[in-house]
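J.: Handing you this structure, nothing more for now.
The values are calculated or read from the model by the stated rules, or taken from the named source; none is laboratory data. Since we're looking at a predicted model, the values are computed, not measured. Every residue, glycine as well, gets a Cβ built from its backbone with ideal geometry; the counts of neighbours run over all protein chains shown. Note: areas computed on protein heavy atoms with side chains; ligands, DNA, RNA excluded. Shrake-Rupley method; radii C 1.70, N 1.55, O 1.52, S 1.80 Å.
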Amino acid sequence: MKIDNNFYMKLAIDEAWKYQLLTYPNPAVGCVIVKDNHLLSIEAHKLAGEAHAEVNALKAAYLKIYPNSVLKSLNTSEKIHDYLLQNHNGFFHDCKVYVTLEPCNHIGKTPSCAMLLKELKPKEVIISIKDPNNEATGGIETLKANDIEVTIGILENEGNKLIEPFKIWQKKTCVFYKMAQTLNGSVDGAISGNRAKAYVHTLRDKIDLMLIGGNTVRTDKPTLDARYILGKSPDVFIYSKNKIFDNKIPLFSVPNRKVFISDDLFKLLDYKFVMVEGTYNLLENLKERIDFVILLISPKIKKGLNSLNEINIDFEIMHENYVGEDKIVFLKRR
């Protein structure tokens, strides 16, 4: 295995994918710090409003060498920025910073990463892609103007795939489809492990709306909340021509959310970030509306409902990862 710019950027990209969609409305971003050819940190942006990937990585790299530093107790982006500015003492001058997206050049909910890096003066900043957000771009110019070497375009194709969901919800309603199945394609009953279930509940906490088929509601009688992480419960769109449901089904009793029943998909446009939970029938019905698919694959073979013969959809794999024992595959239609 060749240890080069591509190797380190791949580490950053893979780390960012672990938090894909969970950073909404921010993009998923990963960062790696290398000092004297030693890997010090692999970090990512994890939650909108919290520290960006570069800040998390810079903190982790510093603590790798100075594990007892007071920096360990600092969690807000502002406090980490201030500490590093006052105490770096040239620590990062011989470091290379690998980041999947151009460091932000503006001050928003958190300070500017480009402004921090220009003061820390790493040896080089290696970037996969330029920021498509006009409000945040300009970091490359800031770094170059302060005599920091910048390399851009490393694993550019992979960097663009990582940023694709962000670019979608910047322009329009983003609709993604979540489905769980076994190795043999069974979608019956409980499938996913506990960590995958917690991941799905974390997604529910981020979205504005969940769409689910009427037959699934009648059969499974779900709650469709985010109780595993004590998160908020999204509004629910039950896709059904038949408007009659048992109002004792748990999802109708969750407070502080709206539940509506309709077969009018234009209602999706009233929301910004939508997750569809379902199986093959619903996927076939909604395939023209779906931006991408999250497929959770459990390492089991079990008897049950399987793929329908009439479904014929070609996908491109955007990324593959694991959540506990379950494999997670991000897909988009070709």
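J.: Scan the stretch 245-258 and report the pairs whose first residue is without any contact (Cβ under 8 Å) to a residue 24 or more places away in the chain and whose second residue is open to solvent by less than 70 Å² (accessible area, probe 1.4 Å), with Cβ atoms within less than 7 Å and a gap of 6+ or a chain change.
T.: PHE252/VAL259; LYS258/ASP235
J.: Right, next: Being among the aliphatic types (A, V, I, L, M), surrounded by 20 or more Cβ atoms within 10 Å (Cβ to Cβ) and within 28 Å of PRO132 (Cα to Cα): is that true of ILE107 here?
T.: Numbers: among the aliphatic types (A, V, I, L, M): yes; surrounded by 20 or more Cβ atoms within 10 Å (Cβ to Cβ): no; within 28 Å of PRO132 (Cα to Cα): yes.
So ILE107 does not fit the description; no.
J.: Let me ask something else. State the number of residues belonging to the stretch 58-100 that are in a loop (DSSP other than H, G, I, E, B), closer than 19 Å to VAL34 by Cα and not hydrophobic (A, V, I, L, M, F, W, C).
T.: Residues that pass the stated criteria total 7.
J.: So how many residues does the stretch 17-43 have that are farther than 13 Å from VAL97 by Cα and either touching a Lys or Arg at 6+ places or on another chain (Cβ under 8 Å) or surrounded by fewer than 20 Cβ atoms within 10 Å (Cβ to Cβ) (or both)?
T.: Count: 7.
J.: So, one more: Quick check: is even one residue across the stretch 285-297 aromatic (Phe, Trp, Tyr) and either in a helix (DSSP H, G or I) or without any contact (Cβ under 8 Å) to a residue 12 or more places away in the chain (or both)? Explain how you work it out, then say what you get.
T.: First, the residues of the stretch 285-297 that are aromatic (Phe, Trp, Tyr): 292.
Still in the running and either in a helix (DSSP H, G or I) or without any contact (Cβ under 8 Å) to a residue 12 or more places away in the chain (or both): none.
The answer is no; no qualifying residue exists.
J.: What residue, among those in the stretch 44-57 that are open to solvent by less than 10 Å² (accessible area, probe 1.4 Å) and part of a loop (DSSP other than H, G, I, E, B), is modelled with the highest pLDDT?
T.: HIS45
J.: Here's a follow-up. Report whether or not ASN184 is more than 18 Å from VAL99 (Cα to Cα), open to solvent by 40 Å² or more (accessible area, probe 1.4 Å) and not small (Gly, Ala, Ser). Step through it out loud before you land on a result.
T.: Numbers: more than 18 Å from VAL99 (Cα to Cα): yes; open to solvent by 40 Å² or more (accessible area, probe 1.4 Å): yes; not small (Gly, Ala, Ser): yes.
Answer is yes for this residue.
J.: Let me ask another. Could you check, for the stretch 272-284, whether at least one of its residues is touching a strand residue (DSSP E or B) at 6+ places or on another chain (Cβ under 9 Å) and surrounded by fewer than 13 Cβ atoms within 10 Å (Cβ to Cβ)?
T.: Looking for residues that are touching a strand residue (DSSP E or B) at 6+ places or on another chain (Cβ under 9 Å) and surrounded by fewer than 13 Cβ atoms within 10 Å (Cβ to Cβ), one finds none in the stretch 272-284, hence no.
J.: Exactly one of (1) assigned to a loop (DSSP other than H, G, I, E, B); (2) of a type in the set (Asp, Glu); (3) within 23 Å of the chain's Cα centre (by Cα) is unmet by ASP147. Its number?
T.: (3)
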